[in-house]
């Protein structure tokens with residue numbers, strides 16, 4: 001028998017089809033949204049949602065989940081210094097630590113309404129294990145990073161990872177390339193070859209800092225996005241992360257090649273990478289833009305509600321106008337996240353995967369709540385703490401009323417992670 005969940009009488013339903021519905025039921029059958037309506041037939045598990053806002057699950061389009069291990073470490077360092085210090089510790093990482101840290105990060109994401117994330121980190125098998133155990137949705141895979149791994153070995157690991165997870169309901173394989181400054185041209189072409197063969201998307205940090213731009217121009221005679229295009233990497237399978245120092249003509253290249261972008265505003269501000277992600281220009285040109293937190297080490301937070309708010313505030317501050325709206329950030333965190341992942345997520349709509357979030361409509365932070373201010377309140381007022389329940393793939397992955405076991409497990413994980421940091425961290 002197909003498992004069913006009925007979300008009864010949701011106070012508000014944010015469909016992301018451009019409308020907010022009032023007093024609606026949502027029927028989940030198996031892993032899909034089967035129906036949205038009034039007074040649907042009671043079946044299976046029924047959840048009273050008269051005081052809840054139902055919204056699409058948030059998609060964190062870029063993070064390094066296990067880097068929650070480094071939360072609060074070297075918080076006042078800029079990117080280059082921060083990377084040098086962290087890479088020393090990362091060289092001592094063991095698989096179990098990545099598993100534990102990934103699990104802790106997933107707990108935080110689920111408890112704050114994230115139903116899917118896209119990850120780039122070492123030992124992806126360990127993160128995949130944590131994903132399956134917790135029931136979240138994720139895309140991940142081995143990382144091309146020349147100062148840590150032989151690219152040919154990463155290629156072999158990718159083959160095995162792809163074989164194991166290409167048909168998984170929760171884990172999807174991707175090609176992770178750290179950056180053009182940590183990967184040679186040969187490495188980039190090896191990554192491209194695998195992407196071409198398997199039709200798998202490539203995720204890559206690009207144009208993040210001014211130094212990266214200068215060094216690329218000096219070495220290759222072109223800017224980073226142009227360099228990727230020269231090598232044939234720009235395509236509808238390319239996901240470009242950061243783009244804080246992208247040139248106007250590179251935006252046109254991204255549009256022409258149908259590549260996608262991922263914006264991580266909070267991390268960029270915290271690491272003082274400066275530059276400016278041209279959010280408005282990209283949306284107007286039709287480029288799909290998703291949002292990401294980066295890791296909890298460079299953001300200190302995996303809360304996508306805060307990321308949405310920071311998206312709008314930073315854009316308005318830099319544009320000197322209010323052209324970027326709350327709906328733009330919410331759309332990027334939901335609908336566009338689904339497009340970036342190539343999954344039917346990001347909308348509460350019949351036939352879409354049942355990845356959705358119930359937000360406490362009675363939260364003091366949201367008062368006075370009303371039909372006309374729901375969307376802006378979710379972006380400007382809500383935080384992850386307002387999430388009451390997170391449903392992924394048709395199953396309850398987080399329930400605030402039953403979170404005591406999760407908190408206890410998180411405390412035990414933190415003890416082991418702190419023991420490692422206390423042993424290996426330097427001033």
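We did not get these values from a lab; they are worked out from the coordinates using the rules stated. Predicted model, so just to flag it, every value in this text is computed and none were measured. When we count neighbours, we look across all protein chains shown, and the Cβ atoms used for this are built from the backbone with ideal geometry, even at glycine.
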Pair residue 73, residue 148: separation of 7 Å Cα→Cβ label points (nm): 1.3
Paramagnetic reach from residue 318 in the range 204-220 [backbone N under 12 Å; point 7 Å along Cα→Cβ]: 208-210
Tilt relative to the chain, helix 151-165 - C-alpha long axis, 0 to 90 degrees, to 10: 20
Two-site label geometry, residue 84 and residue 365: point separation in nm, points 7 Å out along Cα→Cβ: 3.7
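Full-extension gain between residue 426 and residue 210, please, as 0.36 nm times their residue separation minus the C-alpha to C-alpha distance. Don't skip to the end; give the middle numbers.
On the way: separation 216, 0.36 × 216 = 77.76 nm, distance 2.74 nm.
Length difference between fully extended and current span is 75.0 nm.
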Per-bin percent of Cα-Cα distances, the range 155-251 [10 Å]: 15, 48, 26, 10, 1
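Using the beta-carbon distance between residue 51 and residue 385 and R0 = 22 Å, what value does 1/(1 + (r/R0)^6) give for FRET efficiency, to the nearest 0.05? Kindly include the intermediate steps, with their values, before the conclusion.
Values: r = 16 Å, r/R0 = 0.72.
Once the sixth-power term is evaluated, E becomes 0.90.
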Size of the range 344-394 as Cα extents on the principal axes (Å, biggest first): 33, 21, 15
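Pull up the DSSP beta bridges for the chain and report the antiparallel fraction as a percent, rounded to 5.
Working: 27 of 59 bridges.
Given both bridge residues lie in the chain, the antiparallel proportion sits at roughly 45 percent.
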Spacing of the two label points (7 Å from each Cα toward its C-beta) at residue 411 and residue 94, in nm: 2.5
Burial order of peptide ranges 189-199, 340-350 (average beta-carbon count within 10 Å, highest first): 340-350, 189-199
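For the range 205-249, take the alpha-carbon Rg, divide it by the Kirkwood Rh, and send me Rg/Rh.
Numbers: Rg = 9.9 Å, Rh = 10.6 Å.
Ratio of gyration radius to Kirkwood radius: 0.94.
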Percent of Cα pairs exceeding the 16 Å cut-off, where the set is the range 29-104: 70
Euclidean distance between Cα centres, the range 150-181 to the range 303-333, Å: 32
Order by protection proxy (mean Cβ within 10 Å, highest first), peptides 282-294, 78-90: 282-294, 78-90
Gain upon complete extension [residue 166, residue 230; 0.36 nm per residue less C-alpha separation]: 20.1 nm
Alpha-carbon radius of gyration plus Dmax, which is the widest Cα pair, for the range 1-127 in Å: 20.2, 59
Gain on full stretching of the segment that runs from residue 132 to residue 342 - 0.36 nm per residue minus C-alpha separation: 73.7 nm
